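Notes for the one structure printed next.
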Amino acid sequence: MQVTYENSGGESLTLRQRRPYFLTGVDGTGQTRQNILTFKAPNQDGAFYISGTLDMRNITLEGTIVAGSADEAATLRQRLLRIFSPKKAGMLTYRGKRIPCNVEEVAFAQRSSTRTPSFFISLLCPSPFFEDIDELRMELAAWTAKFSFFLEIPDTGMEFGAREPSQIIFVDNDGDVPCGCRIQFRALGSVVNPELMNVDPGEVMRILRTMMPGEQITVDTHFAAKRVRSVMGGMEANAFPDVDTSATFLQLGVGRNTLRYSAAENMDMLEVTIFFRPQYLGV
């Protein structure tokens, strides 16, 4: 049993079943509570189901500071309070998954020993989903390298790269729920109206813009964090107004997703990369 907490200031602390921060309990990492919205008509038995949404997640940590003296315990206690500051957001890592959180409360038992004070930490997670620590990267349109050492160039010449011929790629979301992603369009030459389609639901993210050579447009489709930005020559600009009004901020469904990229003109000059983290209902 081990958890690591890192605050927005870059300070981190690991609690485990050993000194000096001996972790005795972790609660709230399983399935979270669902809020169900229903409608009841006059004289109806039961009710109509409308929708259901998951509540925020509350994770609690319990443990004991094990020190050799009261002064050492006071120093360790101060470090715990500084890192678990309610003024800083944080990230909790547990069982190979992570979850963003905010400190709700840090308390110490009043009757515990001065050398071994017991602590209680309450963390509130606005998003109830755990996610993979490492972001997954999938390239839809890119160049496959064919250059490696040791190198001997034959008289007939040598290919240093090859364009992937397929417009379609399969992306597997191994999480428990659909998740947002980060779509990166990169123009090697002039590209008109780049787009990415999730084939099965027929949803399309389309940018109504002529991309210049070297320009990169990044689309974030995460819930409550949607944004579109363009980077050209080191200068970043808002490209949200260039999103097609009929476009959808794609979500990757659970299981296999079939994605297809395209452009109105010069599709061969377009590179497309997807970044995402599967999300889980509990660990």
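Read-outs: derived from the displayed coordinates by stated rules, not from any lab. Predicted, not measured: the structure shown is a model, and the values here were computed from it. All Cβ positions, even for glycine, are placed from backbone atoms using ideal geometry, and neighbour counts span all protein chains on display.
Residue 135 label point, 7 Å along Cα→Cβ, cut-off 14 Å on backbone N: hits in region 255-283?
273-278, by backbone N distance to the label point.
What is the sum of charges around residue 221, taking Lys and Arg as +1, Asp and Glu as -1, for the other residues whose C-beta is under 11 Å from the C-beta of residue 221?
Residues near residue 221 contribute +1 overall.
Once you place label points 7 Å from the Cα toward the Cβ at residue 75 and residue 47, how far apart are they in nm?
The two pseudo-label positions are separated by 5.7 nm.
Expressed as cubic angstrom per residue, what is the convex hull volume of the alpha carbon set of the chain?
227 Å³
State to the nearest 20 debye the size of the charge dipole of region 2-128 about its Cα centre, where the only charges are +1 on K and R beta carbons and -1 on D and E beta carbons.
Here the size comes out at about 320 debye.
Tell me, what is the percent relative contact order of the chain, built from C-alpha pairs under 8 Å that lie six or more residues apart?
19 percent
Using helices alone, what [θ] at 222 nm do you get for the chain, with -39,500 (n - 2.57) per DSSP H run of 4 or more residues, divided over all residues and rounded to the nearest 500?
Value at 222 nm, helices only: -1500 deg cm²/dmol.
Within the chain, what's the longest run with no GluC sites (Glu not before Pro) in a DSSP loop and at most 15 other beta-carbon atoms within 10 Å? Give the range, please.
Result for the longest clean stretch: 160-283.
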